[in-house]
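So the structure is just underneath, and the comments pick up after that.
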């Protein structure tokens, strides 16, 4: 029998959780934590925050797409989320003739709403503790094999639990594999675009302002969830009707002040605040800096083409945004980890643990073994980054590499036709997606630069020797850019993956001879096989060893801090964090206000600029101070964004920012640069969540978009 809600609580660090730190499992907010929420200003009961049997705030929160959060804001399934969360769907709906990215879009009726194929939302139905059942399944798995085998075991258990229920079930690991919870979701696949501001509002400030405060970005978009007439999830149909929610959030335009209570619900994707000092050092020394440099090279090449033609911008927009977002994050994370000596902090934690564990044989030599695992892997860590962020950073090579499964199926003896048929069906769909987003010029230049960077930056003993011998013999000196440019040109001119007739002929009757002759496939496979054959074993050993050792470490922490109310690392399960609207001082002589207004938009505004342009109509509204009911009395302006001390991470994009009474006051969309170490170490003084103010959202919908129909659908608290 499943044990409901018997979660263990452990510490985040070896000191008590500080300030507003914590992404709490909503169903298990402890008495001390709830009392602290009330002390900070919360006016709701625990049952209003989360209830297994009654409607509560959790029923208005959805997992949006593959990795964002959204909230239901009307009785007809209207959804608010971030602009960057809806970006892919907005781009997919756009064309040069109807450029919704550039011009925005507002459905003035439900009939004008645009279907978003492939987009879905998921509602959380229930949670159960299945730790005993999982432990029974894994009891005979060797410790070093658990990291590789556990995902398959959990997937199989989830699939079996889902059978016949009509729900999707996922079992998630907590505390480095010391606990397992089963989450039941209901997915709705008919989700339609209702509204989006022009990109010059939704991305105002671009990469320059990303992760920065002050921030003047209207990062929101609007969708609607539909269901069948009998109230069930259903694929898109003109006969479907708007979803009727169990709960939706009223919208407050009453305003806010410094110190007001705030809380954020959502699906934070991942933190690693129990990372050891050895893991932090690897991140600082190798993983982050080379990820940043490789992404920087790719971004510059994409941007060159995006600036040439609006069609290129539409084509590359979504992919560029994905790459750019964490390019800046990894750079800032490294700087903050160094600045605040997080390695030193972790070493103190580890010393405290060793003092506690003295005389407990289970934990003998724990950190000696962890150090050894990292020492053994470090010589190959850079190589792996150059595969994932460099070679596979070329969309063509990434797609080419995906054909390896087909190659393997065709090489079986005997060949199993059912396997080939299944793989071919998947490749047809993935090739369609690849072609739609493929910008040949930028990708060709990416291929040239990443193959050269691999040559110049990776130890000669680790390079795929046959590839660079072929390059030298056929294209020229390995020290010259022209060599790589000539090679890339040859790849793109001859690969069947970019030639419809050749691709259709191959996929209709695939064979290994044709595949092995393709230069794009040959290139991808030489790099992948070189790594997998010669160095993959080191990575497998590293991940298996560190997983088992970290699991043991956390098991010890459970014993060491038994009975305390603390939260687990984020893992894309529903959480709530809480704190206050709050200004801050990042350094001596600098004080940041808790709000930004339209005044700041005008101060940054540069007509025609790629990042700081703004719609003419918005400028006119600002000049005329045509703000209506959305004006902020304290500033006599429209508040564009505000900051809170709430603890979030990636995946919280689009999360509702909720006041003490359970009303929507904004949408979380970013963090501040001074606290980008937050995935590993929370900074109690500097951490801020940047939120678009819901009054600015409504102002744009109403005054700029003229979509009063959307405003009329909301329950607005004045």
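The values are calculated or read from the model by the stated rules, or taken from the named source; none is laboratory data. For clarity, every value in this text was computed on a predicted model and none was experimentally measured. Please note: Cβ atoms are built from the backbone with ideal geometry, for glycine as well, and neighbour counts cover all protein chains shown.
Being under 17 Å from residue 516 (Cα atoms), outside any loop (DSSP other than H, G, I, E, B) and touching a helix residue (DSSP H, G or I) at 6+ places or on another chain (Cβ under 7 Å) is true for just one of 408, 398, 448. Which residue is that?
Values: 408 fails: touching a helix residue (DSSP H, G or I) at 6+ places or on another chain (Cβ under 7 Å); 448 fails: under 17 Å from residue 516 (Cα atoms).
Of the residues listed, the single one that is under 17 Å from residue 516 (Cα atoms), outside any loop (DSSP other than H, G, I, E, B) and touching a helix residue (DSSP H, G or I) at 6+ places or on another chain (Cβ under 7 Å) is 398.
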Practice prompt. Please go through region 229-250 and pick out each residue that is within 28 Å of the chain's Cα centre (by Cα) and either surrounded by 21 or more Cβ atoms within 10 Å (Cβ to Cβ) or on the phi > 0 side of the Ramachandran plot (or both).
Written response: 233, 243, 245, 248, 249
Item to complete: Report whether or not residue 204 is assigned to a strand (DSSP E or B), in the same structural domain as residue 242 (by TED's automatic domain parsing) and surrounded by 17 or more Cβ atoms within 10 Å (Cβ to Cβ).
Response: no
Worksheet item: Out of curiosity, is residue 567 at negative phi, assigned to a loop (DSSP other than H, G, I, E, B), touching a strand residue (DSSP E or B) at 6+ places or on another chain (Cβ under 9 Å) and modelled with pLDDT under 95?
Response: yes
Worksheet, complete the sentence: Apart from one, (1) touching a helix residue (DSSP H, G or I) at 6+ places or on another chain (Cβ under 7 Å); (2) surrounded by 15 or more Cβ atoms within 10 Å (Cβ to Cβ); (3) under 26 Å from residue 402 (Cα atoms); (4) in the same structural domain as residue 449 (by TED's automatic domain parsing) all hold for residue 539; the odd one out is (4)
Practice prompt. Residues being more than 29 Å from residue 648 (Cα to Cα) and not in a helix (DSSP H, G or I): count how many of those fall in region 61-116.
Written response: 14
Worksheet item: Quick check, is residue 302 more than 17 Å from the chain's Cα centre (by Cα), buried (at least 22 other Cβ atoms within 10 Å of the Cβ) and not in a helix (DSSP H, G or I)?
Response: no
Discussion item. Can you tell me how many residues within region 341-371 are within 13 Å of residue 681 (Cβ to Cβ) and in a helix (DSSP H, G or I)?
Written reply: 8
Worksheet item: Does region 1-60 hold any residues that are under 16 Å from residue 573 (Cα atoms), modelled with pLDDT under 90 and assigned to a helix (DSSP H, G or I), and which are they?
Response: 26, 27, 28
Item to complete: Kindly indicate whether residue 478 is more than 15 Å from residue 399 (Cα to Cα) and either touching a residue at least 12 places away in the same chain (Cβ under 8 Å) or out of contact with any helix residue (DSSP H, G or I) (no Cβ under 7 Å at 6 or more places or on another chain) (or both).
Response: yes
Discussion item. I'd like the full set of residues that are exposed (fewer than 15 other Cβ atoms within 10 Å of the Cβ) and in a loop (DSSP other than H, G, I, E, B), limited to region 606-618.
Written reply: 606, 607, 608, 609
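Looking at this structure, is residue 603 outside any loop (DSSP other than H, G, I, E, B), in contact with a strand residue (DSSP E or B) (Cβ under 9 Å, 6 or more places away or on another chain) and more than 26 Å from residue 39 (Cβ to Cβ)?
no
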Worksheet entry | Inter-residue pairs, beta-carbon under 6 Å, first in the same structural domain as residue 143 (by TED's automatic domain parsing) and surrounded by 17 or more Cβ atoms within 10 Å (Cβ to Cβ) and in region 551-564, second assigned to a helix (DSSP H, G or I) and modelled with pLDDT under 85, 6+ apart | none
Item to complete: Assess whether residue 137 counts as being modelled with pLDDT of 95 or more, assigned to a helix (DSSP H, G or I) and either out of contact with any strand residue (DSSP E or B) (no Cβ under 7 Å at 6 or more places or on another chain) or over 22 Å from residue 656 (Cβ atoms) (or both).
Response: yes
